[in-house]
Protein chains: 2
Amino acid sequence: MTRRIFITIEYDGTPFVGWQRQVTGLSVQQVLEEAAAELTGGDILVQGAGRTDSGVHATGQVAHLDVPDKFDANRVMEALNALTGDHPVSIIEAREVDSEAHARFSATGRRYLYRLLPRRQPPALDHGRVWHHRGGALDPGAMQAAAALLVGRHDFTSFRASQCQADSPVRTLDELRIEPQGEELHIHAAARSFLHHQVRNIVGTLALVGAGKWTSEDVAAALAAKDRSAAGPTAPPEGLYLTGVTYPTGI
Amino acid sequence: MTRRIFITIEYDGTPFVGWQRQVTGLSVQQVLEEAAAELTGGDILVQGAGRTDSGVHATGQVAHLDVPDKFDANRVMEALNALTGDHPVSIIEAREVDSEAHARFSATGRRYLYRLLPRRQPPALDHGRVWHHRGGALDPGAMQAAAALLVGRHDFTSFRASQCQADSPVRTLDELRIEPQGEELHIHAAARSFLHHQVRNIVGTLALVGAGKWTSEDVAAALAAKDRSAAGPTAPPEGLYLTGVTYPTGI
């Protein structure tokens, strides 16, 4: 008999090739699967809700794993935290769920935060944790006005990585909010699901608006073009955080 | 002819032996002095306002240096940021001051922040940036009540490192405030100047109060004892940030 455990995970994406296992280097998934195998003595699949790219961080990634039923959720959390050692990966919550619950397919929402630091001086403490935008000041009001045009159900082909494997380019963006936070701009994005690079491509485009190089009309035109080359560049991974995944009541 | 420049510096204290030059390893001061020497072609002393210990961070350290007058403040900032390279040190502000102004001796106030994360789960993104207090929840109200007893002018012998070189153990603590901040507790401390380890020794003691092991009365007794062994342990350096230094109007 096994129990299905949902774990909420915080990680620094800097040293990893991303969430997902790859032959090219160490992934967060591999770190967790190796720790789970050490705990249980068997091969364990750790299935994540979101496949973050290399350099992308998480404060609220969710994943599930099935463990022999002698291990309860709290023991899984404590053991994984001990067994992941010095890797910057931490299980901050664990709970048992129904065996039908699936971290990826049951998810009804994902939230991302993008941190942007618009100043000439490099960040010392937040190196690798924010997009250091050397181009100087960005206008959050102009960015918010352009962001409003992207909220709702749209064909996001222009904001989708060419290697994106989703069947459809249509997504419903529930929230896209620009929040000045001290010297930084925080961009909050929420949707049921996102296309590959969708948040980073949106942020790269909004930064052009903030710098006065693009207007809201340019953003509307880019969206309508349904062509990746019509939108702005991909913002770097180090500013992006997967902050939360939501599930229906009962999971 | 030279100009005296005040620089405001942000740094990650993790890889350094501290602010001050030491034979045992790399200091922030050495990184800045080597960059200044490369810029000007001569030996330059970079005099800091506060001598932070190894592992202690800064978001608002201030230092002064004298440069040949062909370099203005902005050029000094840009050049030092370029020449400090990959070291986690960044000049975030620079301004010319009167040649009598002294980063250390003219300072009229110093502010520190101490970040404490009371939870079992280790921090992934903030490893080395907070004190991970595994002991669980801390009561901020009890800590604030005890903190109030330390505010004002006192003989802080009980909270002073044995190797402290200050002539007098008497200091006036202007502020000692506990602020819950999400999962963290932030402790804000302000004074004209601090004794060696004073903030960390106070935090280590307040954590005993927060955990219910000590009462406010124990803290008052520890202060009155004028004996380092009567107070709590020294909190670790990684939670401490020098956030600002103040100067009289006109500097």
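Placing +1 on the Cβ of every Lys and Arg and -1 on the Cβ of every Asp and Glu, with nothing else charged, gives region A:2-97 a dipole about its Cα centre of roughly 200 debye. Radius of gyration (Cα atoms) of the protein assembly as shown, expressed as a multiple of 2.2 N^0.38 Å: 1.09. Sequence-distant contacts, meaning Cα pairs under 8 Å at least 6 residues apart, place the relative contact order of region A:162-251 at 23 percent. Among A:Trp19, A:Trp131, B:Trp214, a tally of other beta-carbon atoms within 10 Å of each Cβ gives an order, fewest to most, of B:Trp214, A:Trp131, A:Trp19.
Note on B:Arg21 and B:Ala224: their simple-model spin labels are 4.7 nm apart, each label 7 Å out from Cα toward Cβ.
Rounded to the nearest Hz, the phi-derived 3J(HN,Hα) couplings of region B:233-239 under the Karplus curve 6.51 cos²θ - 1.76 cosθ + 1.60 (θ = phi - 60°) are x, 7, 5, x, x, 5, x, where x marks glycine and proline.
Cβ-Cβ distance of A:Thr2 and A:His188, R₀ of 35 Å, FRET efficiency by 1/(1 + (r/R0)^6): the value works out to about 0.45. The three principal axes of the C-alpha atoms in region A:114-242 carry coordinate ranges of 41, 27, 24 Å, sorted with the longest axis first. Take the Kirkwood radius over Cα pairs of region B:74-113, plug it into Stokes-Einstein at 25 °C and 0.890 mPa s, and you get 199 µm²/s for translational diffusion.
Over all Cα atoms in region A:19-101, the spread is summed up by Rg and Dmax: 12.3, 35 Å. Under 17 Å from a point 7 Å along the Cα-to-Cβ line of A:Ser162: which residues of region A:188-231 have their amide N that close? Output list for this probe position: A:196-198, A:201, A:226-231.
Amide H contacts of A:Phe16 (H built 1.01 Å from N, in plane; Pro and chain starts excluded): A:Gly55 sit under 5 Å, all sequence-distant by 5 or more or on other chains. Looking at chain A alone, DSSP beta bridges between its own residues are antiparallel in about 90 percent of cases.
Distances between placed amide hydrogens fall under 5 Å for B:Ala191 paired with B:Arg110, B:Asp174, all partners being 5 or more residues away or on another chain.
Between amide H atoms placed 1.01 Å from N, distances below 5 Å from A:Val46 occur with no residue 5 or more places distant or on a separate chain. Remark: mean inter-chain Cβ contacts per residue of A:113-123 equal 3, using a 10 Å Cβ-Cβ cutoff to other protein chain atoms. Ellipticity at 222 nm from helices only: DSSP H runs of n ≥ 4 in the protein assembly as shown, each -39500 (n - 2.57), divided by the residue count, give -7000 deg cm²/dmol.
Compute the acute angle (0 to 90°) between the alpha-carbon long axis of helix B:216-225 and the principal axis of greatest extent of the alpha-carbon atoms of chain B; round to the nearest 10°. For B:216-225 against chain B, the angle is about 60 degrees. The HN-Hα couplings worked out from phi for region B:94-106 by the Karplus form 6.51 cos²θ - 1.76 cosθ + 1.60 (θ = phi - 60°) are 8, 8, 7, 10, 4, 5, 7, 5, 10, 4, 8, 7, 7 Hz, whole numbers, x standing for Gly and Pro.
Note: relative contact order over region A:10-80, using C-alpha pairs below 8 Å and six or more positions apart, is 35 percent.
Roughly how far apart, in whole Å, are the Cα centres of region A:77-113 and region B:5-74? Here the answer is 42 Å between Cα centres. Derived from the Cα gyration tensor, the three semi-axes of the equivalent ellipsoid of chain A are 35, 20, 15 Å, largest first. Taking Cα atoms only, the orientation of helix B:198-210 departs from the longest principal axis of chain B by about 30 degrees. In summary, the convex hull built on the alpha carbon positions of region B:165-223 has an orientation-averaged projected area of 4.6 nm². For chain B, the relative contact order is 24 percent, taking Cα pairs closer than 8 Å that sit 6 or more residues apart in sequence and dividing their mean separation by the residue count.
A short reminder: the numbers here are calculations on the coordinates, not readings from a lab. Bear in mind that the values here come from a model prediction, so they are computed numbers and not experimental data. Neighbour counts are summed over all protein chains in view; Cβ atoms, including those assigned to glycine, are modelled from backbone coordinates with ideal geometry.
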